[in-house]
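First up is the structure itself, then whatever we jot down about it.
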Amino acid sequence: MNETRERVVVTEVGMRDGLQSIARTMPTEFKRRWIDAAYAAGVRHMEVASFVPAKLLPQMADADEVIAHALGYGDLIVTALVPNLKGAQRALEAGVHRIVAPISVSTAHSLANVRKTPAEMIDAFAAMREAIDSASGVRTRRVELIAGLSTVFGCTLQGAVPYADIAAIARDAVHAGADVIALGDTTGEATPRQVGEIIELVREVAGDKLRSLHLHDTRGLALANTLVGLQHGIREFDASLAGLGGCPHAPGATGNVNTEDLVFMLDSMGYETGIDVTRLIESRAVLAEALPGEPLYGYLARAGLPKQFAAASQQIESSQSSALQVLQ
């Protein structure tokens, strides 16, 4: 009898990180269809919008409508990104379950992205914590506050990011009330060795609050870096369908790790994601229809599932079914 497979959470962030980085705006109806398709494939964690001024990021102007649709699924964990206290207040009013605030370790990137220094962003983060705690009395579910540390592994504007700065910002974020610390490879500069070193560095100051990695595939190392993250105890990963994404203030940075390829790798290693990779690949049709001509990436979508993977999946399902029969 096979033991229960270890769970790994894959958060689909394409609706936010993917769409904010392309010139065109996806119509709201297609965003709803994307959420529907992702949910049907088994995705239960989605970052669907950000609360920023529409004049700065028109792609996110329909955040309230998109979040309302996502919340229609009772077991879907809905996340929004916010850069400031006003954004956090709007996210709370919209009813999200998780709020992620981007806190750049690089001063140059922080000023370009949110017009605040890292220290000023920590102050804003502490204010978000107070707002969430104040609202907790009128909500049935506590909202998680995530410190999304960005440019952790390097910055195209500043260059190298000192390890001492990473540890200091992580420590400050914990003291400011972070429920979760997420490490972001905003510019796609991370290498496997570096990922392992920084995870251990941040774990010394953040402990079990360090839970998530947000990796970009600019140099083709996102899956390798994911593997190192797994080896160092990380069990939550952001990903973007078809590899859409990139930061507007990180020149040259391309999309997040591809959701389909990531789920395939995790499944093949014996982890449980709850996601049907075949249906995930099929959901790319929504993007192809909504964004004609937009490059869609992914090795799995191009090459297809290997036959032995399908056989292995059937064997796992058969073993699980036999186990249930024994238990019954």
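Readers should treat all values here as calculations from the given coordinates under stated rules, not as data from a laboratory. These numbers come from a predicted model, not from an experiment. All Cβ positions, glycine included, derive from the backbone under ideal geometry; neighbour counts span all protein chains shown.
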How would you classify region 9-327 from its alpha-carbon gyration tensor, with a ≥ b ≥ c the square roots of the eigenvalues: rounded for a/c under 1.5, else prolate if a/b is greater than b/c, otherwise oblate? rounded
Residue 171 versus residue 296, label points 7 Å from Cα toward the beta carbon: distance in nm? 4.7 nm
Find, among the GluC sites (Glu not before Pro) in region 1-86, those assigned to loop by DSSP (not H, G, I, E, B) with at most 13 other beta-carbon atoms within 10 angstrom. 3, 6
Cα-Cα longer than 23 Å, checked against 31/209; 55/86; 55/209, kept in input order, equals 31/209; 55/209
Taking every DSSP bridge whose two residues both lie in the chain, the antiparallel percent to the nearest 5 is 5 percent
Once the Cβ-Cβ distance between residue 288 and residue 4 is put in as r, and R0 is 51 Å, what FRET efficiency do you end up with, to the nearest 0.05? 0.90
Expected unfolding gain across residue 134-residue 108 under the 0.36 nm per residue rule, minus the alpha-carbon gap, is 6.1 nm
Report the extension gain between residue 307 and residue 144 in nm, rounded to one decimal, defined as 0.36 nm multiplied by the number of residues separating them, less their alpha carbon distance. 54.6 nm
With contacts defined as alpha carbon pairs under 8 Å and 6 or more residues apart, what's the relative contact order of region 1-114 in percent? 23 percent
DSSP loop (so not H, G, I, E, B), at most 12 other Cβ within 10 Å: list which trypsin sites (Lys or Arg not before Pro) in region 62-135 pass both filters. 115
Only helices counted: for the chain, with every DSSP H run of 4 or more residues adding -39500 (n - 2.57) and the sum spread over all residues, [θ] at 222 nm is -13500 deg cm²/dmol
How far apart, in nanometres, would the label points at residue 278 and residue 200 be if each is projected 7 angstrom from Cα along the Cα-to-Cβ direction? 4.2 nm
